[in-house]
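Colleague: My questions will all concern the structure given below.
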Amino acid sequence: MVVKIRLARFGKRNAPFYNIVVAHARTARNSKPLEVLGTYDPIPKEPLDGEGKAFKDIRLDRARAKYWLGVGAQPSDPAWRLLTMIGLMPKKFTQTQQSQSQSKNAAEA
């Protein structure tokens, strides 16, 4: 059965909070996952010392994420973006990047 790494939404209205979970591909978004890998809080938090940029909190068990990626779990697009930020996945091309590279190749030919 296909296993996916995806986000399960928790929190209140206008205050989202996500668990990064491993679940079967055909189960519902907030159904019981196989494993919870970590959390993601998309609302920017101010630094404790008051200096610097606001940050979004990502907590992840890197060893378990590497394990699930190693056994073939497919990350969803938002999960892929988070795993890229942490450094576990290569950056995924977007549509604009692909069209720019195709136009560049056409100009060279």
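Values in this text are rule-based calculations from the coordinates and carry no lab data. The structure displayed is predicted, hence computed values, not measured ones. Please note: Cβ atoms are built from the backbone with ideal geometry, for glycine as well, and neighbour counts cover all protein chains shown.
Colleague: What residues qualify as long-range amide H neighbours of Gln74, i.e. H under 5 Å apart, gap of 5 or more or another chain, H built at 1.01 Å from N?
Modeller: Here Val3, Lys4, Ile5 satisfy the definition.
Colleague: Also, I was wondering about something else. Net charge within 12 Å of Gly38 by Cβ-Cβ distance, Lys/Arg positive one each and Asp/Glu negative one each, not counting Gly38 itself?
Modeller: -1
Colleague: Tell me the label-point distance for the pair Lys92, Phe55, using the 7 Å Cα-to-Cβ offset, in nm and rounded to one decimal.
Modeller: 2.5
Colleague: What pairs in Lys12/Lys32; Lys12/Lys56; Lys32/Lys91; Lys32/Lys53; Lys12/Lys66; Lys4/Lys45 have C-alpha atoms more than 26 Å from each other?
Modeller: In this structure, Lys32/Lys91; Lys32/Lys53; Lys12/Lys66; Lys4/Lys45 exceed 26 Å between Cα atoms.
Colleague: Let me ask you something else. Which of rounded, prolate, oblate describes the stretch 12-72, given a ≥ b ≥ c as roots of the alpha-carbon gyration tensor eigenvalues and a/c under 1.5 marking rounded, otherwise prolate only if a/b is larger than b/c?
Modeller: Here the stretch 12-72 falls in the oblate category.
Colleague: Quickly work out the Ser76-to-Val36 label distance, labels modelled 7 Å from Cα along the C-beta direction, and quote it in nm with one decimal.
Modeller: 1.7
Colleague: On to the next question. Let me check I've understood the local charge: for Val21, count other residues with C-beta under 10 angstrom from its C-beta, Lys and Arg +1, Asp and Glu -1. What total comes out?
Modeller: Value of the local net charge: +3.
Colleague: What list of ³J(HN,Hα) values in whole Hz, one per residue of the stretch 58-72 in order, does the Karplus curve 6.51 cos²θ - 1.76 cosθ + 1.60 (θ = phi - 60°) give from phi, with Gly and Pro shown as x?
Modeller: Each residue of the stretch 58-72 in turn: 10, 10, 8, 7, 4, 5, 5, 5, 4, 4, 5, 5, x, 8, x Hz.
Colleague: Here is a further query. Among [x] 170; [y] 204; [z] 89, only one was calculated for this model; which label is it, if the read-out is volume of the Cα convex hull per residue in Å³?
Modeller: Here volume of the Cα convex hull per residue in Å³ agrees with entry [x].
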